[in-house]
Structure formats: structure tokens, C-alpha cells
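A short write-up of the structure that comes next.
Any read-out appearing in this document is the output of simple, stated calculations on the displayed coordinates, not a laboratory observation. The model shown is predicted, which means the values in this text are computed figures rather than measured ones. Backbone-built Cβ (ideal geometry, glycine too); neighbour counts: all protein chains shown.
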């Protein structure tokens, strides 16, 4: 049986807590990077973020917002943190991002989601073949956001495909996850480094100083297996992967466990000054440390995947959002300030993704159910200052933008138009964009194209 490299990577990545197998077999003939340093940081909000409360209108549209969302979900207009120069405000718990907005480091993209083709309400109703498959399903929509194929099985992801074409020759992969194995990270020829969000990378059960005969025998066997060229292609590939992963762990540990760093002090609560300890802040701090060490690691570009869970808010959403949004905003603000301290705010862009938006009309449990289009945040110094991109939907239930009758808005911006803009800024070539985004031709012409995020 012939086993592809991707299949081997998928098998190993699911069980490895260290690093995926590394960049085995990457051709040195791939084009070398000649541009300036860039990093993109995808922040996946798992569960389906109700971003209609993350970003809400503050002008005359607020009346319809409050009416349609109802008392169980609508935020008080006075509580919204104004995005100066626009007709929108952030959830009160995201006040840490107000200085980032004022500094020109925050952008908003409205009503974005998975689309196979541009859709009107009439086309949505009459042409089910033009809809993404399995809309409003957590797993399917997560895979479509990460894999960018809306009507086909996603077997790899856009970050992995970007990494395939990066041409990196460093020992440590420049594609780094601090949120475990995810589809976005799988490429055809390359694999990510997977870091824990805290602590060091360890080999389970390994103790070089052990005198126990059984432990020593097991470790000796692993060392032999790690140099297994005489046992066949698959064994050799796996063995070399293990050896590479061990070496990568040593190199990564030197960065993530260092006792001093220029970025740590920026990950603090802006009100109390206390060190941030949420999971999303730990992940972004690790990303910041890897960016700080970019030259030591030999990385001309870096791609990161981090995540925050808890967004499947079918009940008690207002209380849940208070904590989730505070943690997210504090972590993103700390990350932005750390990049400024490194002089890299123009070279690094972070952006949110999520399964889907949520129903505009609240349910009977003080929550909201699965829907479609949603709003997203982008953080970075290269952004066009003070911009809210896209169009806020007509919030009439059953109206021209509602896929149902309770506020499941049909996206007006496709994921490719949103993430593709960041990929272009990152340096993905025109020739490689169709490889990274399989449906790129649909969203790059005929009046459609990347969101103008950057100045």
C-alpha cells in the first residue's frame, strides 16, 4: 500500500504532544524569501462567536439592533466602547482594545463567513447547490474556515498550504500552533511545530539520568528507531521525524522557557497591572516570544495558530461574554503592545476566525443559536487607520439578508476575501493564491476581491 506524506503527517500529528514531523522532504529548490519579515496570527474562536455583540452599531441603527436582539441579548448603548470616527462600538469588556483602535492598530470586518459563490436571498432559496455544505454545523464550518473548500472535503488547511510554498529552510518550522493540531496547519509537503501554551516540551517518560534497566532499554530502542534507514521508507520517514522533533523541542524550549524576555511585561491587565493568565493570553505570549526569537530561529516569516474556546453560547450569553471578551481583548492588546516594543507592529497581523455567527434573535435561555455571517477583528500596525470594512446587514427578520426568519445573516464578505487580504499582505504570491485558496477565482474578479485592510 502506498501511503502519502500527508497521511503520515495526519496520523502522527494526532498523537504527538511535541512537534509534528517537521519539514521532511521539503525541496531546497523552492523560492527563497526575499521580502521583509512578516507574521500572521490566526485566532480561532471555537464554538461560534456571537460577534453581533462584539461589534454593535451606535448610530440610528442601534434602535433596530436593540429591538431585534431583545432584552436577553441587547447591550445598553451607553455601555459600548466607541470606535472613534465610526458608527460602531465594542462590547464593554473589550475596552482594552480602545487604545489599539486609537493607535490605528485595530480593524473591523463586518458580516463575513463561508461562501461558495456570491449569494442573494433568492439564490440561497432557489440554488442549494451554491450554498456551503452543512451550514451551521460546528465541525463542518470550522473545517471550511480552516480548509477554505466550501463544497468539498477539506483534507488540508490554508496555513499549511502557505507553508508549503514558503521555501523556509530553517530547522524549526515557521508554522507554529500553540492550540494543538488543527486542520488549518496541515500541508502537502510541510508540517507545523506544535507548542504547549505553558511549560516546556517534554518526551513522555524520558529520563536521561535513569538507572532503571527497563527505562534505559526503552530509551535505547527509541534512539535506534530514530535512525532506521535500513527498515524501509515509512519506518525511516517516521524515525527521522522523531529525531527531528526531539531536536526541534530542544531549540523551542530555549525560547519558551527563557527566564528573560522583552515581551512578557506587556501581557498584563491594563487596569490592575496583574499578569494575564488566561489560556488565550498564554498562547499569544508564546507567539510573541517566538516572534522575538525570529532571527535566532532563522525565520523570515512566521505563521501562528492560537485559539480560545467557550463561544457556543446557547445559554446565559451576556455573562459568558463578559469573561470571554475581556480575556480576548486583554490578550490582543498585550500582544499588540509587545509587537510595538519589538518595533514590529507593522510586520505582524493578528485576525479572528470562528465557526459561524449566531442568530440575531435570542432564544428562551438567554443565549443564541447557530447562524452564519459574523464580524471579525484584525490587529496590526500596517492596517488602514480607523476602518470598519463591509456592510452591516439589514436586520429585518425574514428580510433580504436573512437565510431564515430569525436573523441568520447571509455573509456579504467571503472568508477568502477576508483571509486572502492578509495572505497577500503576508507575501503569498499571485501565482500561489489559487493553491492556498482553492476557490480564489470566484473571489478575485467581477467586482469581488480582497478586503482593503491595509494602508
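Some points to look at:
- For peptides 92-104, 188-200, sequence by mean Cβ density within 10 Å, most packed first: 188-200, 92-104
- For the chain, the longest principal axis of the alpha carbon atoms and the long axis of helix 415-426 meet at an angle near 50°.
- The shape of the stretch 265-315 comes out oblate: with a ≥ b ≥ c from the C-alpha gyration tensor, a/c is at least 1.5 while a/b does not beat b/c.
- Calculated over the stretch 311-455: convex hull of Cα atoms, volume per residue (Å³): 128 Å³
- Normalised contact order of the stretch 5-443, rounded percent, pairs of Cα under 8 Å and 6 or more residues apart: 30 percent
- Each peptide in 74-82, 311-319 gets a packing score, the mean of other Cβ atoms within 10 Å over its residues, and the list from highest to lowest is 311-319, 74-82.
- Nearest-ten-degree value, helix 138-147 long axis tilted from longest Cα axis of the chain: 70 degrees
- Antiparallel DSSP beta bridges within the stretch 5-443, as percent of all bridges there, nearest 5: 40 percent
- To the nearest ten degrees, helix 279-292 and the longest principal axis of the Cα atoms of the chain are 60 degrees apart.
- Calculated log₁₀ intensity ratio I(q)/I(0) where the Debye formula runs over C-alpha points of the stretch 5-443, q = 0.11, 0.13, 0.14 Å⁻¹: -0.85, -1.15, -1.30
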